[in-house]
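One structure is given below, encoded as structure tokens.
The values are calculated or read from the model by the stated rules, or taken from the named source; none is laboratory data. Since the structure is predicted, the reported quantities are computational estimates derived from the model, not experimental observations. So basically every Cβ, Gly included, is an ideal-geometry build from the backbone, and we count neighbours across all protein chains shown. Protein only, heavy atoms only, side chains kept; ligands, DNA and RNA dropped before computing areas. Shrake-Rupley method; radii C 1.70, N 1.55, O 1.52, S 1.80 Å.
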Amino acid sequence: MVRMSAEERRESVIRAAMSEFARGGYHGTSTEAIAKRVGVSQPYLFRLFPGKKAIFLAAAERCVEDTIRTFEEAAEGLEGEEAQQAMANAYVKVIAERPERLQMQMQMYLAVAAADEEGDRAFGESVRAGWMRLWDTVHLPLGADANETTAFMAYGMLINCLVAMGFPPGHRVWEGIYPDARVTGRLEK
């Protein structure tokens, strides 16, 4: 058996944390569950990360970076409506194939809101900064038009909510979403 480096083990913790936090949220996920999923002890987990908050923020950062990469790859060499369609299609594909990414996004927003309510505004600064990088990633291919970027991101958030609530493909709630972003049979299992 090949021994993993600390960086490889750290990467496996981040991936496991994304899955665990996606299901249980920040407060409902134990570091014990993350350690168990990775196959390490909790003390080893805390040699890689100073605490649960750091693990969550690393998972949130990875989630945002993965989404940014999805949009960058989809829009490469495209602009305007072509970029919009490519990014919408890529995003719908991702949430169909990797629903834990959507679930993690939703958990990120909840965790930030809860932390802000508790007076811990610093908790959300990383998530907000990541969201702004995501905004900037779609902004340029859409012609650096704030209205287009806002509409694209708004549709994305609506799609997140509808998928998270389990509205099936073909349900009437999907009718108002522009055709390339509509969830079709791609989300059926």
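When region 172-189 is filtered for residues that are open to solvent by less than 60 Å² (accessible area, probe 1.4 Å) and modelled with pLDDT of 85 or more, only Val173 remains. Scanning region 140-160 for any residue that is surrounded by 13 or more Cβ atoms within 10 Å (Cβ to Cβ), over 18 Å from Glu61 (Cα atoms), at pLDDT below 95 and in contact with a Ser or Thr (Cβ under 8 Å, 6 or more places away or on another chain) turns up at least one such residue.
Residues in region 107-128 that are open to solvent by 50 Å² or more (accessible area, probe 1.4 Å) and either assigned to a helix (DSSP H, G or I) or under 14 Å from Leu57 (Cβ atoms) (or both): Tyr109, Leu110, Ala113, Asp116, Glu117, Asp120, Arg121, Ala122, Glu125, Arg128. Can you name the residue in region 70-92 that is among the aliphatic types (A, V, I, L, M) and in contact (Cβ under 8 Å) with a residue 40 or more places away in the chain and, of all such residues, is nearest to Tyr155 (Cα to Cα)? Per the criteria, the residue is Ala88. Do we have Ala54 as surrounded by fewer than 19 Cβ atoms within 10 Å (Cβ to Cβ), under 19 Å from Gln103 (Cβ atoms) and modelled with pLDDT of 95 or more here? No. Tallying residues that are surrounded by fewer than 18 Cβ atoms within 10 Å (Cβ to Cβ) and touching a Lys or Arg at 6+ places or on another chain (Cβ under 8 Å) within region 7-18 yields 1. Whenever a residue of region 25-53 is within 25 Å of Tyr109 (Cα to Cα), its partners that are surrounded by 15 or more Cβ atoms within 10 Å (Cβ to Cβ) and acidic (Asp, Glu), lying with C-beta atoms within less than 9 angstrom and at least six residues away or across chains, give the pairs Thr29/Glu20; Ser30/Glu20; Ala33/Glu20; Ile34/Glu20; Arg37/Glu20. Taking region 84-113 as the range and being within 22 Å of Leu140 (Cβ to Cβ) and among the hydroxyl-bearing types (Ser, Thr, Tyr) as the test, only Tyr91 passes.
Yes/no matrix, rows are residues, columns are (1) surrounded by 18 or more Cβ atoms within 10 Å (Cβ to Cβ); (2) among the small types (Gly, Ala, Ser):
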| position | (1), (2) |
| --- | --- |
| Ala22 | yes, yes |
| Tyr26 | yes, no |
| Leu45 | yes, no |
| Glu72 | no, no |
| Arg98 | no, no |
| Gln103 | yes, no |
| Met132 | no, no |
| Asp136 | no, no |
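Contact annotation: residue pairs with Cβ atoms under 6 Å, 6 or more positions apart or on different chains, pairing a residue in region 144-162 that is farther than 16 Å from Thr67 by Cβ with a partner that is modelled with pLDDT under 90, are Leu162/Val173.
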